[in-house]
Amino acid sequence: MWIFLLVVRNPGKVVSSILTMRSMTKFGKIAQAAVFVFLLAARAPAQSLEQASAKKKAIADLREVAYAGDVKAQVQLGVIYLTGDGVKKDDTEAVKWLRKAADQDNAIGERYLAEMYFKGRGVPADNDEAAKWLRLSAEQDDAQSQYNLAVLYTQGLGVPRNLKEAVNWMRRAADQKLAAGELGLGVAYENGDGVPPDAVEAASWYQKAVDQNYVPAMNNLALLLTNSRNPAVRNPKQAIAVAKKAVAGGINPDYLDTLAAAYFADGQTDQAIETEQKALARNPENDAYKESLEKYLAASHASH
């Protein structure tokens with residue numbers, strides 16, 4: 001989990017939005033009792049009393065393992081208190097167990113502890129402290145932490161704003177095939193943030209994330225294929241195909257806006273109008289959508 005910057009490309013501009021991302025890194029093997037906790041949640045409601053009893057025992061067993069110093073159990077117990085899964089949600093208790101894991105140089109514990117400082121959950125909000133713990137995790141090659149640290153350098157949160165350093169960490173995450181890192185590196189190359197602008201390189205990194213079915217990257221790639229001035233990259237027909245996948249895979253109306261732009265670039269004005277109207281139906285107050293629709297309607301009228 002992390003709060004991160006995702007750059008969503010719209011025709012003619014870049015819009016930055018803060019989103020919540022689930023952790024892309026699994027814990028790997030954890031205490032058997034902890035696995036039992038989560039498996040129980042899938043059982044039928046008729047077993048709720050038995051489930052509650054079993055979960056309570058599983059958490060008690062997990063706590064015993066965590067007190068004995070098992071770092072993975074400490075992380076799992078911290079997450080349980082963070083989410084309130086089988087216990088009363090308690091951020092302070094979550095921080096206690098995550099810190100125990102972090103103090104043993106566990107990268108996942110360090111990443112979660114960084115998040116707690118970033119959000120001010122169980123501890124006072126402190127971007128500097130968040131960045132400190134995040135760097136410790138990133139230096140252990142935790143891909144999600146590398147991506148998150150890149151975001152902090154992009155935004156200047158807890159560290160001085162440094163786009164070259166952001167690219168350095170984003171590349172390390174991307175090289176580990178983290179889809180968000182591949183998207184972030186593509187954005188850097190498209191915009192020339194910390195690296196020379198390179199549409200071909202941007203498209204390459206977007207495609208890597210698209211190959212992992214990462215929907216936001218589909219949107220970015222479709223827009224690049226639509227709007228790029230580089231003839232080696234511009235391909236409205238391919239943009240339509242990619243944008244359709246984004247629309248099918250997500251509910252963000254920006255994806256419809258992108259598809260409309262691709263249709264228009266390919267000369268399919270009627271389809272562009274219809275698709276932009278769908279985007280506006282989902283977000284009627286979006287001025288950019290309105291401007292695009294007006295452009296498509298004017299082009300349609302001019303052709304008749």
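The values are calculated or read from the model by the stated rules, or taken from the named source; none is laboratory data. Keep in mind that this is a model prediction, so the values were computed, not measured. Counting neighbours? That spans all protein chains shown, and the Cβs are built from the backbone with ideal geometry, glycine included. Only protein heavy atoms, including side chains, enter the accessible area calculation; ligands, DNA and RNA are left aside. Shrake-Rupley method; radii C 1.70, N 1.55, O 1.52, S 1.80 Å.
Residues are listed down the side, and each one gets a yes or a no for (1) surrounded by fewer than 24 Cβ atoms within 10 Å (Cβ to Cβ); (2) within 30 Å of ASP103 (Cα to Cα):
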| site | (1), (2) |
| --- | --- |
| GLN140 | yes, yes |
| LEU149 | no, yes |
| MET218 | no, no |
| ALA222 | no, no |
Failed condition for PRO197, given (1) open to solvent by 50 Å² or more (accessible area, probe 1.4 Å); (2) part of a loop (DSSP other than H, G, I, E, B); (3) out of contact with any Phe, Trp or Tyr (no Cβ under 8 Å at 6 or more places or on another chain); (4) of a type outside the set (Asp, Glu) = (3)
Cross-chain or 6+ apart pairs with Cβ under 9 Å, the stretch 117-140 first and within 18 Å of ARG172 (Cβ to Cβ), then assigned to a helix (DSSP H, G or I) and open to solvent by 70 Å² or more (accessible area, probe 1.4 Å) | ALA138/ARG172
Of the listed residues (LYS96, LYS164), the one being part of a helix (DSSP H, G or I), surrounded by fewer than 20 Cβ atoms within 10 Å (Cβ to Cβ) and in contact with a Gly (Cβ under 7 Å, 6 or more places away or on another chain) is LYS164
Quick check, is GLY86 modelled with pLDDT under 95, open to solvent by 20 Å² or more (accessible area, probe 1.4 Å) and on the phi > 0 side of the Ramachandran plot?
-> yes
Out of the residues in the stretch 99-136 that are basic (Lys, Arg) and part of a helix (DSSP H, G or I), state the one that is surrounded by the most Cβ atoms within 10 Å (Cβ to Cβ).
-> ARG111
Give the stretch 176-226 a look and list any residue that's of a type in the set (Asp, Glu) and touching a Leu at 6+ places or on another chain (Cβ under 9 Å), or say none.
-> GLU190, ASP193, GLU201
Starting from the stretch 86-99, take each residue that is over 16 Å from ALA114 (Cβ atoms) and list its partners that are among the small types (Gly, Ala, Ser) and in a helix (DSSP H, G or I), counting only C-beta distances under 9 angstrom and pairs at least six apart or across chains.
-> GLY86/ALA52; GLY86/ALA58; GLU93/GLY78
Pairs, first open to solvent by less than 10 Å² (accessible area, probe 1.4 Å) in the stretch 54-81, second modelled with pLDDT of 95 or more and outside any helix (DSSP H, G or I), C-beta under 7 Å, six or more apart = VAL75/ASN106
Test: ASN235 is open to solvent by 20 Å² or more (accessible area, probe 1.4 Å), modelled with pLDDT of 95 or more and over 19 Å from the mean Cα position of the chain (by Cα) = yes
Report whether or not ASN219 is part of a helix (DSSP H, G or I) and of a type in the set (S, T, N, Q).
-> yes
